[in-house]
Amino acid sequence: QVQLVESGGGLVQAGGSLRLSCAASGRTFSVSAMRWFRQAPGKEREWVASISSGGPTNYADSVKGRFTISRDNAKNTVYLQMNKLKPEDTSVYYCNARPYGSLGPGDDYWGQGTQVTVSS
């Protein structure tokens, strides 16, 4: 199995920046795509960004142009650089890993989450 640990969250003023990290351990060779999700109180979990093992990336419209996902396969770590943060970005951010041969979301691995709070 794969274990994921997020870090880098905190409190930042609107317009500021944070970089989240997600360190993977265990059977990391089995991981293909990695993704970031977020969930604010009272809201559904929202997909934010994804990156494949080969490097292609995808972003939700709400963060496109402000967030950048990257991946260091040698370190088994994925990052989310968040710039020009807005109060509506306030959420718990979760790291997600999808293994090769996944049949659906039930096969995904999840981290414990890290809190990001953006003040106005």
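Is it the case, given these coordinates, that TRP47 is open to solvent by 60 Å² or more (accessible area, probe 1.4 Å), within 11 Å of the chain's Cα centre (by Cα), under 28 Å from VAL118 (Cα atoms) and of a type in the set (Phe, Trp, Tyr)?
yes
Mind telling me which of the residues VAL92, VAL31 ends up being modelled with pLDDT under 90, under 21 Å from GLN3 (Cα atoms), aliphatic (A, V, I, L, M) and surrounded by 13 or more Cβ atoms within 10 Å (Cβ to Cβ)?
Just one listed residue meets the conditions, VAL31.
Within the set of pairs 6 or more residues apart or between chains, which connect a residue that is at positive phi and of a type outside the set (S, T, N, Q) inside region 100-120 to a residue that is at pLDDT 95 or above and not in a loop (DSSP other than H, G, I, E, B) with Cβ atoms less than 6 Å apart?
Qualifying pairs under 6 Å: GLY113/VAL92; GLY113/TYR94.
Name every residue in region 1-28 that is in a loop (DSSP other than H, G, I, E, B) and open to solvent by 30 Å² or more (accessible area, probe 1.4 Å), in order of residue number.
Across region 1-28, the qualifying residues are GLN1, GLY8, GLY9, ALA14, GLY15, SER17, ARG27.
Applying the selection to region 50-78, what residues are in a strand (DSSP E or B) and under 22 Å from SER119 (Cα atoms)?
PHE67, THR68
Going through region 95-120 one residue at a time, which ones are under 16 Å from GLY42 (Cα atoms) and open to solvent by 80 Å² or more (accessible area, probe 1.4 Å)?
Hit for region 95-120 is GLN115, nothing else.
Within region 56-77, can one find any residue that is touching a residue at least 40 places away in the same chain (Cβ under 8 Å) and either buried (at least 16 other Cβ atoms within 10 Å of the Cβ) or touching a Gly at 6+ places or on another chain (Cβ under 6 Å) (or both)?
The answer is yes; a qualifying residue exists.
The values are calculated or read from the model by the stated rules, or taken from the named source; none is laboratory data. Since we're looking at a predicted model, the values are computed, not measured. Cβ atoms come from the backbone with ideal geometry, glycine included; neighbour counts cover every protein chain shown. Only protein heavy atoms, including side chains, enter the accessible area calculation; ligands, DNA and RNA are left aside. Shrake-Rupley method; radii C 1.70, N 1.55, O 1.52, S 1.80 Å.
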